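Since the structure comes first, as structure tokens, the remarks are kept for the end.
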Amino acid sequence: MALTDEVKRYLPDGIAARLKYPKLADFERPNVITTTADLVFNWARSHSVFPFQYGLACCAIEMLSSGFARYDIARYGMEVFRPTPRQCDLMIVAGTVNEKMAPVLLRLYEQMAEPKWVISMGACATSGGPFYDGYNVVNGVDKVVPVDVYIPGCPPRPEALFDGMLQLQRKIQQLTFARPEKVEPLYGADAPWHADVIGPQAQFGGRVSKKRLTP
Amino acid sequence: MSLQVGNVRIDADELAARLGRAFAGELMDVAVQEPDTVVARLAREKVKDVARRLHDLDETPIDSLTLISSVDYVTHLECVYHLYSYAANLYVELHVELPRGRPVVATVSDVWPSADWHEREAWDMMGIVFEGHPDPRRILLKDDWIGHPLRKDYVDDVRNHPYV
Ligand code: SF4
């Protein structure tokens with residue numbers, strides 16, 4: 001980093017040397033480097049979310065409807081639905097997750113590149129919904145993958161989906177390179193898969209990726 | 001055989017009479033249930049033979065199988081073959097009673113190929129075994145599912161639900 005004498009005069013003592021040779025410790029607290037980078041990265045990330053179309057049941061119709069001209073998801077920069085997990089950073093689970101689909105869903109989630117988010121759309125994906133007692137229904141996709149935003153409804157209207165996506169944008173904008181220890185764990189220590197937790201990934205603001213190693 | 005629908009102009013009563021004559025002693029209680037549906041009962045040992053002959057019937061071959069449904073009557077299970085004749089534009093329902101303890105019946109997937117997946121579904125949901133089926137796997141539930149969930153006495157096994 002080229003720091004002229006002119007610039008150095010305006011920086012606090014000691015910062016110039018540390019900017020030239022930044023140590024890992026410099027990123028533990030917010031400073032001029034991390035906050036500026038956060039701003040840029042979070043702005044970019046939150047306004048170009050690529051959703052993975054994971055329509056499993058009737059809620060998928062509302063998800064599709066929100067993509068078309070009448071509701072027009074493109075207003076929020078989230079219109080690029082992708083059919084492959086490797087090009088996506090948001091999985092919209094729209095519909096009933098059943099026991100046969102759950103391992104497939106987990107696998108597709110693991111194929112998505114970090115940082116990644118999950119929206120649980122509708123009563124079924126959130127809790128099992130009307131099929132709570134069904135013999136083949138997983139009672140909530142959060143039993144399989146970590147969920148960031150839950151959208152209630154059966155089905156939620158496209159407006160509700162947009163509201164959920166705006167909530168997700170706000171969540172993305174809170175990401176930071178610094179302070180990995182400040183990020184709240186997504187689940188309590190009593191979660192059954194706690195032993196399998198993969199540690200915080202500090203380079204992306206400590207988003208905790210929790211996976212169950214065995215289904 | 002012609003695939004033109006309804007080119008043999010007979011009604012269900014006439015078809016029932018013909019079936020009663022051609023399958024005397026095999027099809028029992030042949031009756032007309034609805035204006036276009038003939039219903040009959042059948043012993044399970046005769047399913048294979050009767051299916052083949054129904055399929056190759058003169059003039060009105062019963063050449064299409066639209067559905068196999070399975071019913072749990074608690075005392076016994078039942079397998080219902082829903083058949084259709086393009087030539088006569090009429091439906092035939094065959095009810096086959098199966099004992100609960102050993103619900104085995106011969107496959108008809110070599111007679112009507114569409115029976116393949118229906119028989120897999122009946123095995124998956126109701127536990128009816130189709131002898132000679134070319135691919136006897138589950139079709140809707142995952143392969144390691146324990147039990148057959150549409151049976152009245154089904155008890156869910158906790159091993160079916162790894163995600164809790
Ligand atoms: S929540 Fe309602 S609309 Fe959505 S998938 Fe379930 S049953 Fe269908």
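The values are calculated or read from the model by the stated rules, or taken from the named source; none is laboratory data. Computed from a predicted model, the values in this text were never measured in an experiment. Cβ atoms come from the backbone with ideal geometry, glycine included; neighbour counts cover every protein chain shown. These area figures cover heavy atoms from the full protein model, side chains too; ligands, DNA and RNA do not enter into them. Shrake-Rupley method; radii C 1.70, N 1.55, O 1.52, S 1.80 Å.
Considering (1) surrounded by 12 or more Cβ atoms within 10 Å (Cβ to Cβ); (2) not in a helix (DSSP H, G or I), the lone condition that B:Gly25 does not fulfil carries the number (1).
In segment B:145-164, the residues that are within 9 Å of chain A (Cβ to nearest Cβ) reach residues that are among the hydroxyl-bearing types (Ser, Thr, Tyr) with C-beta atoms within less than 7 angstrom, at least six apart or across chains, in these pairs: B:Gly147/B:Tyr154; B:Pro149/A:Tyr135; B:Asp156/A:Tyr135. Are any of the residues in segment A:25-41 of a type in the set (Gly, Ala, Ser) and without any contact (Cβ under 8 Å) to a residue 12 or more places away in the chain? Checked against the condition, which is being of a type in the set (Gly, Ala, Ser) and without any contact (Cβ under 8 Å) to a residue 12 or more places away in the chain, segment A:25-41 yields at least one hit. Candidates in segment A:92-122 are the residues that are under 17 Å from A:Asn136 (Cβ atoms) and open to solvent by less than 10 Å² (accessible area, probe 1.4 Å); of these, the one that is nearest to the ligand (Cβ to nearest atom) is A:Gly95. In this structure, is A:Pro103 assigned by TED's automatic domain parsing to the domain that holds A:Val137 and out of contact with any strand residue (DSSP E or B) (no Cβ under 9 Å at 6 or more places or on another chain)? Criteria met by A:Pro103.
Within segment A:123-147, the set of residues being more than 14 Å from chain B (Cβ to nearest Cβ), over 22 Å from the mean Cα position of the chain (by Cα) and either among the β-branched types (Val, Ile, Thr) or buried (at least 18 other Cβ atoms within 10 Å of the Cβ) (or both) comprises A:Gly129 only. Residue pairs whose Cβ atoms lie under 6 Å apart, separated by 6 or more positions or on different chains, with the first residue in segment A:148-162 and open to solvent by less than 90 Å² (accessible area, probe 1.4 Å) and the second assigned to a loop (DSSP other than H, G, I, E, B), are A:Pro155/A:Cys58; A:Pro158/A:Tyr71; A:Ala160/A:Gly153. Between A:Asp89, A:Asp72, A:Asp38, which is more than 16 Å from the ligand (Cβ to nearest atom) and on the phi > 0 side of the Ramachandran plot? Of the residues listed, the single one that is more than 16 Å from the ligand (Cβ to nearest atom) and on the phi > 0 side of the Ramachandran plot is A:Asp72. Selection of helices (runs of 4 or more DSSP H) fully inside segment A:85-186 by the criterion of at least 2 residues being hydroxyl-bearing (Ser, Thr, Tyr) returns A:122-127. When segment B:54-80 is filtered for residues that are part of a strand (DSSP E or B) and closer than 21 Å to B:Asp11 by Cβ, the ones remaining, listed by number, are B:Ser64, B:Thr66.
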